[in-house]
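Peer 1: The structure's right below; bear with me while I get my questions together.
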Amino acid sequence: MRHCYIRGILAVVWIAIAAVYAVRGEFVLAGLDAVIGASFIYSAYDAWKKNGKGDRE
């Protein structure tokens, strides 16, 4: 479960970096970092669901 948290934290960091690049006007790097952050979010969510921790029923 720890790897899910680590991936989630890394996703937040990448999204924050993308926001900083967007504010600075570097939209290519902002887009790249947003894609990397989204892939980390997807990876963390997928691992979380496979571990069975996402069931609310």
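Please treat every number below as a calculation from the coordinates, not as lab data. Treat the numbers as computed from the prediction; the structure is a model and nothing was measured. Glycine gets a Cβ as well: all are built from the backbone with ideal geometry, and neighbour counts include every protein chain shown.
Peer 1: Scanning the chain for trypsin sites (Lys or Arg not before Pro) in DSSP loops with at most 14 other Cβ atoms within 10 Å, what's the longest stretch left with none?
Peer 2: Formally, the longest exposed-site-free interval is 1-52.
Peer 1: What's the extension gain from Ala16 to Asn51 if we count 0.36 nm per residue and subtract their Cα-Cα distance?
Peer 2: Between Ala16 and Asn51, full extension yields an extra 9.9 nm.
Peer 1: On the principal axes of its Cα set, how long, how wide and how thick is region 2-50? Give whole Å, largest value first.
Peer 2: The principal-axis extents, from largest down, are 38, 13, 9 Å.
Peer 1: So what J values fall out for region 28-33 if you push phi through Karplus, 6.51 cos²θ - 1.76 cosθ + 1.60 with θ = phi - 60°, rounded to Hz, Gly and Pro as x?
Peer 2: 5, 5, 5, x, 4, 5
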